[in-house]
Amino acid sequence: MKSLIVYSIPAFFILMAIEIIIDKIKRTNYYRLNDTISNLNTGIVQQVTGVLLKLFNIGIYIWIYENYRLTTIPSTWYTWILLLIGVDFFYYWFHRLSHEISLLWGTHVVHHQSEEYNLSVALRQSATQVFGSFWFYLPLAFLGFSPITFIVVSQIQTLYQFWIHTRFINKMPAWFEFVFNTPSHHRVHHGVNPKYIDKNHGGTFIIFDRIFGTFQEEEEIVHYGITSPLNSWNVAVANFDYYAWIMRQLSKVKNLKDALLVMLKPPGWRPSYIGEALTPKEIEPNRKLYDANAQPKVTVYIVVQFILLLAFASYFLFSVAQFSLPKQIVSILFIFISSVTIGTMFENKKWSFRLEFLRILMIIPMLYFLIYL
């Protein structure tokens, strides 16, 4: 069954186009080209690598359901409602713990790295998040919710979260704000203001945040991003920068206990003999956002290459069943390299242009391999 997320890609881009038009008309400057392409690049990499990783995720759920389920829950209308609540409950705990446990933060941090807040940020996802998240949903397999129903409901729950990544919707009706996650609630979640850190973890519902004490109303102006800015458009850096930070701390610890604490304590924790923990600081009034940008002619080239990459990635995702495993791997590697070079050319790094030259040389033999072999 093809992912509902893949089928929704055209709708995502239509809604982003509408939001960009509104942004230009109102001159709100919520979109920057380099940031938007960076967001979409990480989303592309997450989706194409997910072609291989989803077998790891869904396969274990199916195995537990077929061999160890306690009962079989029939597929009725109320089953779907129960499962939506169940998926959102376990999502809440995955999401909350991914903000409170350093190793899990590494699987989620990518989504928070953008210093803007618009619909493109919804698509900014980590390629490694599946390794941290899918464990939380396995109780649903033990309880007897069928894999097909689980897949559909979990994707519906994910799709719901797209529209809440906007600044153009202020508040929904009070009853809706009380029960459901909304743009206002989720803006708080993306804030680096100290009072907003680690709040509003819900997916579809906000009820679990109210119950478990992590709810925060949107009050002061929200500043977006992470407490230690990424300062890069490189999709590889985005996905692995925090893991690299963990590895640097592990190389300096003096005992196994501290090594475990580096991975299990909140993000940024490290023993005092290494250095101070990375903690949220008050927002500076003249806070500057990372904005490395290429020359105008290079920017035009980047946009053209990105459109071509997006077209190929979309074709790959919609036609993946026609690709053998070797062709899938070659396509994914090419898309990943393309995403890296497109992002880093914005930064005017010399090596990125050399890599881009090699990438262009790869296109003809890659197409020959995909089409004729």
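The values are calculated or read from the model by the stated rules, or taken from the named source; none is laboratory data. The structure presented is a predicted model; accordingly, all values stated were derived computationally and were not measured. Positions of Cβ are backbone-derived with ideal geometry, glycine not excepted, and every protein chain shown enters the neighbour counts.
Are there any pairs, at least 6 apart or on different chains, whose C-beta atoms fall under 8 Å, with the first in segment 212-234 and more than 24 Å from Val110 (Cβ to Cβ) and the second surrounded by fewer than 17 Cβ atoms within 10 Å (Cβ to Cβ) and of a type outside the set (Phe, Trp, Tyr), and if so, which? Here the result reads Glu219/Lys195; Glu220/Lys195, each pair linking segment 212-234 to a residue that is surrounded by fewer than 17 Cβ atoms within 10 Å (Cβ to Cβ) and of a type outside the set (Phe, Trp, Tyr).
Filtering segment 158-174 to residues that are among the hydrophobic types (A, V, I, L, M, F, W, C) and over 12 Å from Ile206 (Cβ atoms) leaves Leu159, Phe162, Trp163, Phe168, Ile169, Ala174. Restricting attention to segment 255-309 and to residues that are surrounded by 13 or more Cβ atoms within 10 Å (Cβ to Cβ), touching a helix residue (DSSP H, G or I) at 6+ places or on another chain (Cβ under 9 Å) and among the small types (Gly, Ala, Ser), the residue that is modelled with the highest pLDDT turns out to be Ala259. All told, Thr76 falls short of being within 26 Å of the chain's Cα centre (by Cα), polar (S, T, N, Q) and not assigned by TED's automatic domain parsing to the domain that holds Phe316.
Each residue in segment 220-245 was checked for being assigned to a helix (DSSP H, G or I), crowded, with 18+ Cβ neighbours inside 10 Å and not aliphatic (A, V, I, L, M), and 4 of them qualify.
Somewhere in segment 43-57, is a residue charged (D, E, K, R), under 22 Å from the mean Cα position of the chain (by Cα) and under 30 Å from Ala236 (Cβ atoms)? Looking through segment 43-57, at least one residue is charged (D, E, K, R), under 22 Å from the mean Cα position of the chain (by Cα) and under 30 Å from Ala236 (Cβ atoms). Taken together, the residues in segment 325-373 that are in contact (Cβ under 8 Å) with a residue 60 or more places away in the chain and closer than 26 Å to Leu33 by Cα amount to 11.
Out of all the residues in segment 163-178, is one or more touching an Asp or Glu at 6+ places or on another chain (Cβ under 9 Å) and of a type in the set (A, V, I, L, M)? For segment 163-178, residues touching an Asp or Glu at 6+ places or on another chain (Cβ under 9 Å) and of a type in the set (A, V, I, L, M): absent. The selection criterion, being assigned to a helix (DSSP H, G or I), touching a helix residue (DSSP H, G or I) at 6+ places or on another chain (Cβ under 9 Å), crowded, with 18+ Cβ neighbours inside 10 Å and at pLDDT 95 or above, does not hold for Leu97. For segment 109-119, the count of residues that are free of Cβ contacts under 8 Å to residues at least 24 places away in the same chain and buried (at least 21 other Cβ atoms within 10 Å of the Cβ) is nonzero. Closer than 22 Å to Ile332 by Cα and assigned to a helix (DSSP H, G or I) - does that describe any residue in segment 70-80? No: zero hits. Against the test of being surrounded by fewer than 23 Cβ atoms within 10 Å (Cβ to Cβ), assigned to a helix (DSSP H, G or I) and out of contact with any helix residue (DSSP H, G or I) (no Cβ under 7 Å at 6 or more places or on another chain), the options Leu55, Leu138, Leu84, Leu103 yield a single qualifying residue, Leu55. Tell me, please, whether a residue that is loosely packed, with under 13 Cβ neighbours inside 10 Å, within 23 Å of Val237 (Cα to Cα) and either in contact with a His (Cβ under 7 Å, 6 or more places away or on another chain) or not hydrophobic (A, V, I, L, M, F, W, C) (or both) can be found in segment 353-360. Scanning segment 353-360, I find at least one residue that is loosely packed, with under 13 Cβ neighbours inside 10 Å, within 23 Å of Val237 (Cα to Cα) and either in contact with a His (Cβ under 7 Å, 6 or more places away or on another chain) or not hydrophobic (A, V, I, L, M, F, W, C) (or both), so the answer is yes.
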